[in-house]
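Engineer: Below you'll find the structure I mean.
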Amino acid sequence: MEAILASAFFPPVQWFQKLLRYDGVLVEACDNYQKQTYRNRCVIATPQGPLPLTVPVEGFGGEKCKMKDVRISSHGSWRRQHCNALESAYGETPFFEYYADDIKEFYSNDYEFLFDFNMQITTALCRLLDINPSFKATEEYLTAEEYQNAGIRDFRDVINPKHQLPDEEWQPKKYWQVYGSRHGFLPNLSILDLLFNAGPEAVLYLN
């Protein structure tokens, strides 16, 4: 069975669970960009609690813009801020030093388009997780009904930081988190949280 997911920046754990569960996954490139979604943000755990990291994008005058056409803003110091936040949040986790250079490499390169940036990140994360899922970008936009008729599960609006729609497949399980004793378990953070805390065992959690 196949599924379709919205594009995501350092996606949440739930997103990666779908990537592993389905025989093939489509990543939406042709929908209209939506603000305040995982398309350009991820959520990490810090000593103060959850913190969103956002990739700034170029404005497009209020007009609708296809996800594949959204450009990353070259202004500001967001790359350095992200790197500092990750090191502050996860520097004491068991596996930060093991994966840090691979993650920081994305902040050393200039990517023009957000969708391409997200796809490259996903490919690298699959390598770090030692998984080999089948996923590819969409070439046209289809409605939820059209995907349903084709037998493809549509999770584009299900995995969302602002509203959590029902997902009978997703039951977050606890894993050790560096600030767990302070905040309790924080579910469905960026896959980076699971990777830095669990290392090679992250794939066992996803399965």
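Engineer: Look at the stretch 11-31 and say how many of its residues are over 21 Å from Asn207 (Cβ atoms) and of a type outside the set (D, E, K, R).
Structural biologist: Looking only at that region, the number is 3.
Engineer: Oh, and also: Looking at the stretch 147-161, can you tell me whether even one residue there is modelled with pLDDT under 95, under 17 Å from the mean Cα position of the chain (by Cα) and exposed (fewer than 11 other Cβ atoms within 10 Å of the Cβ)?
Structural biologist: No, that holds for no residue.
Engineer: Test each condition in (1) hydrophobic (A, V, I, L, M, F, W, C); (2) part of a loop (DSSP other than H, G, I, E, B); (3) touching a strand residue (DSSP E or B) at 6+ places or on another chain (Cβ under 9 Å) for Trp170 and report the one that comes out false.
Structural biologist: (3)
Engineer: May I ask you to say which residue of Phe60, Phe96, Phe16 is surrounded by 17 or more Cβ atoms within 10 Å (Cβ to Cβ) and farther than 16 Å from Arg156 by Cα?
Structural biologist: Phe96
Engineer: Moving on. Check Ala100, Ala89 and return the single one that is assigned to a helix (DSSP H, G or I), on the phi < 0 side of the Ramachandran plot and in contact with a strand residue (DSSP E or B) (Cβ under 8 Å, 6 or more places away or on another chain).
Structural biologist: One residue alone meets the criteria, Ala89.
Engineer: Failed condition for Thr54, given (1) touching a residue at least 40 places away in the same chain (Cβ under 8 Å); (2) under 29 Å from Asn84 (Cβ atoms); (3) surrounded by fewer than 21 Cβ atoms within 10 Å (Cβ to Cβ); (4) in contact with a strand residue (DSSP E or B) (Cβ under 6 Å, 6 or more places away or on another chain), with all others met?
Structural biologist: (1)
Engineer: Can you run down the residue pairs with Cβ atoms below 9 Å, 6 or more apart or on separate chains, where the first is in the stretch 12-28 and part of a helix (DSSP H, G or I) and the partner is surrounded by fewer than 23 Cβ atoms within 10 Å (Cβ to Cβ) and basic (Lys, Arg)?
Structural biologist: Close Cβ pairs satisfying both conditions: Lys18/Arg153.
The values are calculated or read from the model by the stated rules, or taken from the named source; none is laboratory data. Computed from a predicted structure; not experimentally measured. Note that we place each Cβ from the backbone using ideal geometry, even for glycine, and neighbour counts take in every protein chain shown.
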